[in-house]
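Each remark here refers to the structure printed beneath this line.
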Amino acid sequence: MPGSSSPPFSAESYFATQPPPPGLEQDIAGVKEFVKRQTEEGRKIVLVTSGGTTVPLELNVVRFLDNFSAGTRGATSAEYFLKAGYAVIFMHRQFSLQPFSRHYSHSTNPFLDFLEIDRGPTSQEICVTPSKREDLLQVLALYKAVQAAGTLHTLTFVTVNDYLWLLRAVSQELSTMKRKAMYYLAAAVSDFFLPRQKMSEHKIQSGKGSLHIEMDQVPKILKPMVEDWTGKDGYIVSFKLETDQSLLIPKAQAALRRYGHQVVIGNDLNRRKFEVVFISWKSPKATISEVDSNLNPESRENSFEESWLRIDITDSNQEIEENIIAELVKRHTVWVGEPESAAAP
Ligand code: PAZ
């Protein structure tokens, strides 16, 4: 078992020692069916991960560590992918924001505030506040159309363990789509965790002074995801969140170099709603092994492309996810080998 004196968990040792979440088999059966139907209907599929993972400190969980993420990026992006004609597997933290209902979040825009009571002489009816009707109708129409088309499939996770097991299983199912599958990893995933074997069964008791917990590093799963689970064909987009702006580009480049996937989107915590940077390989069709075999290490450093996306911060009608998804859909179209005109929604 990894710990202070033993080597860190690899993806393999992680899955060999940490138990799968209950319900995994059922979740996967649902994904299998969804992938089959979308394949028959000729759609591309994107897996969107969204929200933060937790790390429980006890088996009977009272306390846990959490990762910051409201789920705005993932839920908003899922809507734009649907609009672009993709089928979406939306894998999100339980109770975080979801596509469509995000517009009426209980804390920022409670839906009860949109409703009025119309009192008649003998009965009363509920109606929508007239000034809110147009916006609500638009969201509702999109939501109902997606429901009718059956193009949105939702899965939930809470802990980092749920997330890792689900991610591996969904990626393996999606690998049958080859290049037509995209993986958009916007969830905020814990870097450290407490292996099950080291967790206390019951609530950790106070009274013994300060609490010391040694956590293990969560295995870096992007490498096996790129090389094994997705069969090297998936179009994989990961996110890198930093609070120190100067780390954004070097950390994003390092991730791309290390894992060999297609795009890292860097975002600064305080600027993420209006500015992101895309780091990618200069040659969009190249896989890491093609790049590696053609380039020496120095020229490999020059093989990254950096492109910034910004929107007007004062315009509350703009959402940066619209631009992010439009750009990714274009790049994915090239990756799949379709004519670029196929990227138009
Ligand atoms: O969910 P949200 O909109 O509040 O935040 C989105 C985000 C910052 C978590 C996401 O864009 C992101 O960067 N995810 C990856 C985080 C990481 O580096 O682990």
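Give me the percent of Cα-Cα pairs in segment 83-238 that sit more than 28 Å apart, rounded to a whole number.
Percent of Cα pairs beyond 28 Å in segment 83-238: 46.
What FRET efficiency comes out for the pair Glu322/Lys36, r = Cβ-Cβ distance, R0 = 25 Å, nearest 0.05?
0.25
Taking 0.36 nm per residue of sequence separation and subtracting the Cα-Cα distance, how much length would be gained by fully extending the chain between Gln26 and Asp228, in nm to one decimal?
70.4 nm
Stretch Ser101-Thr243 to full length: gain in nm at 0.36 nm per residue minus the Cα-Cα span?
Between Ser101 and Thr243, full extension yields an extra 48.2 nm.
Name the shape class, rounded, prolate or oblate, that the alpha-carbon gyration tensor gives for segment 51-149, where a ≥ b ≥ c are the square roots of its eigenvalues, rounded holds for a/c under 1.5, and otherwise prolate holds if a/b is larger than b/c and oblate otherwise.
oblate
With springs only between Cα atoms under 10 Å apart, run a GNM on the chain and tell me which of Ala84, Ala188, Ala16 wobbles the most.
It is Ala16.
Expressed as a whole number of Å, what is the distance separating the alpha-carbon centroids of segment 213-250 and segment 1-79?
Using only Cα atoms, the two centres lie 14 Å from each other.
Taking the chain as a Gaussian network, Cα atoms linked when under 10 Å apart, which of Gly23, Gly231, Gly85 shows the biggest mean-square fluctuation?
Gly23
For the chain, set up a Gaussian network in which alpha carbons nearer than 10 Å are linked by springs, and say which option among Phe114, Phe95, Phe15 fluctuates the most.
Highest fluctuation of the listed residues: Phe114.
In what order do His212, His202, His103 fall by count of nearby beta-carbon atoms within 10 Å, going from fewest to most?
By the 10 Å Cβ count, ascending, the order reads His212, His202, His103.
Antiparallel DSSP bridges in the chain: what percent, to the nearest 5?
Looking only at bridges with both residues in the chain, the antiparallel portion is about 40 percent.
So what is the diffusion coefficient of the chain in µm² per second by Stokes-Einstein at 20 °C and 1.002 mPa s, using a Kirkwood Rh over Cα pairs?
Once the numbers are plugged in, D ends up at 98 µm²/s.
Using amide H atoms built in the peptide plane, which far-off residues or other-chain residues are under 5 Å from Glu305 H to H?
Ser280, Trp281, Lys282
Each value in this text was obtained by applying a stated rule to the coordinates, not by laboratory testing. Every value quoted in this text rests on a predicted model; they were computed, and no experiment measured them. Cβ atoms come from the backbone with ideal geometry, glycine included; neighbour counts cover every protein chain shown.
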